[in-house]
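Inspection log for the structure reproduced underneath, given as structure tokens.
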Amino acid sequence: MTSPAAPPPDSGPGTNAVDVRAAGFPNRGLAWYVVGALAVTNMVSYVERQIPTLMFGPIKHDFGLSDTKVSLLAGFAFVLFYVGFGLVIGRLADRANRKRIIATGVLLWGFATMSCGVARSFGQLFLARVMVGVGEATLGPSAISMLSDYFPSRTLARAVSVYTGAQYLGAGFALVVGGLAIREVSAMQQPVLPIIGLLHPWQTTFLVVGAIGLAVIVPVLFVVEPRRRGLAPGAQAGAPLPLSQTFAFLRLNWKTFGAHFSAFSISSAMGFGTVAWIPTYFVRVHHWPIHDIGYVYGMMLAFLGGAGVLAGARFAEWLSARGYRDAYFRAPLITLSLTGIPAALATLMPDARASLALLVVSTFLSSFPVALIIASLQAITPNQMRGQVVAIYYFIANIFGVGLGPTLVASITDYVYRDEMAVGYSLATMTAVITPIVALILWLGLGPFRLSLARAAAWHEQAGG
């Protein structure tokens, strides 16, 4: 690791220099309203993304599935079209009205979640989850691009941390709300719909969650589309750049993007795999009722995960104020390295309380990098490429994370340990293997990231802000 160096003006997070882009930004109240509206939308998207993980057991029972097959509902089914449409939406977000893109997606994923509740076969449920992924593909690239036009770079990480922190609230509330819904629905007489017939409790849960999620369209409608800032030299707002220019930019910074995409995509597999299977681990190994672990782990994710995202942004600002221009890479390197030990030990404990204590530590620390992953891309990328670059990252990260993470754990359980009671060993094995790989990649990426920041400062000065 290199010694700290003085940052150039506006080259990264937390600089004390006057941010030359601050002039003309929307007023603070409006900007933070948009952060709030997008954060709520992100939270709801994660509720509807993660809700199947709490219902692996009953879905597996009703359709006669293996661990590997049921894991596809939280992984491959969602990511199948999410990643493909995300690339298209990313390019669209770089030139079209981002508010309208997001609003359309909210309606699509809400109705798709409700359709999960009327699925009568695994194939129908799989297809409904695919459509949830299509709808949610609209949010990430559009929201991140919009935030970069509401906040100057010195405060962007803080705004992004609120937006991205909402995903932990969503993932946590998916377990809490899901556990509550399952308990309440199971205690009532099951509804019988025309044509569809009798609904199982997990199906009713999908219907309720999807219907409630549609309400998030209201705050989105009051979001104002901002003026685009940080344009590439010689470009005009709304004018699409040729794809060749985007590819040339990626090639120029290939070492930075290679380190970023690979490290954070691999770590996302560990994160999504853990969140997907921790509830099942407590049910199988520690014999907890599903609604109890839903409440406990859900609240842990919601509040410790969300707090960790905010703390991670402030930690990066603290490092930057001490001269580390590479804070967006250095902070994740430090915290992910520290997370590995408690995360690997948590599912090896013979006592549930010891497991939970270690999960408290690992959940908090593992969420530190979340906002920095996105903020680092915004810091080095021109405006007309930001949606596309974020979409490319989401493409790769979701294939590894959402697509492979849950199935990786299930595959280790089914084909390595060959015992569903060994799911805790599968989680520990995954963490022990992945953590040092990610740390090495981030360490190798520190130098290239500093170089990319210097290039960004140069083209920004050339473009005149």
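Per-structure values
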read-out: Top positive-direction residue, dipole computed over the chain with Cβ charges, set Leu440, Trp202, Phe25; value: Phe25
read-out: Apportionment of accessible area to carbon and sulfur, the chain, percent (1.4 Å); value: 70
read-out: Qualifying lysines (Cα of each under 20 Å from Cα of Lys69; at least 8 residues distant if same chain); value: Lys60
read-out: Distance between modelled label sites at Met421 and Leu107, nm, 7 Å Cα→Cβ extension; value: 5.2
read-out: In order through region 339-356: 3J(HN,Hα) via Karplus (6.51 cos²θ - 1.76 cosθ + 1.60), integer Hz, x for Gly, Pro; value: 6, x, 5, x, 5, 6, 7, 4, 9, 10, 6, x, 10, 5, 5, 5, 4, 5
read-out: Mean Cβ neighbour count within 10 Å, used as a protection proxy, ranking 436-445, 304-313 highest first; value: 304-313, 436-445
read-out: Cα centre as origin, Lys/Arg/Asp/Glu Cβ charges: the chain dipole, Debye; value: 1060
read-out: Using θ = phi - 60° and Karplus 6.51 cos²θ - 1.76 cosθ + 1.60, couplings along region 384-400 (whole Hz; Gly, Pro as x); value: 6, 10, 5, x, 5, 5, 4, 5, 5, 4, 4, 4, 6, 5, 6, 5, 6
read-out: Over the chain, relative contact order from alpha-carbon pairs under 8 Å, at least 6 apart, %; value: 28
read-out: Packing-based ranking, highest mean first, of 290-303, 115-128 given that Cβ atoms within 10 Å are counted; value: 290-303, 115-128
read-out: FRET E, pair Leu440, Ile341, Förster distance 22 Å, beta-carbon r, rounded to 0.05; value: 0.85
read-out: Among Pro141, Ala410, Ser426 the positive-end extreme of the charge dipole of the chain (Cβ point charges); value: Pro141
read-out: The chain - accessible surface per residue (Å², probe 1.4 Å); value: 37
read-out: Computed FRET value (nearest 0.05) for Trp32 with His61, which takes r as the C-beta separation and R₀ as 45 Å; value: 0.50
read-out: FRET E, pair Glu184, Leu348, Förster distance 25 Å, beta-carbon r, rounded to 0.05; value: 0.15
read-out: Cα-based equivalent ellipsoid, the chain: semi-axes from gyration tensor eigenvalues, Å; value: 37, 26, 18
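The values are calculated or read from the model by the stated rules, or taken from the named source; none is laboratory data. Since we're looking at a predicted model, the values are computed, not measured. Note that we place each Cβ from the backbone using ideal geometry, even for glycine, and neighbour counts take in every protein chain shown. Remember, those area values only see protein heavy atoms, side chains included, never the ligands or the DNA or RNA. Shrake-Rupley method; radii C 1.70, N 1.55, O 1.52, S 1.80 Å.
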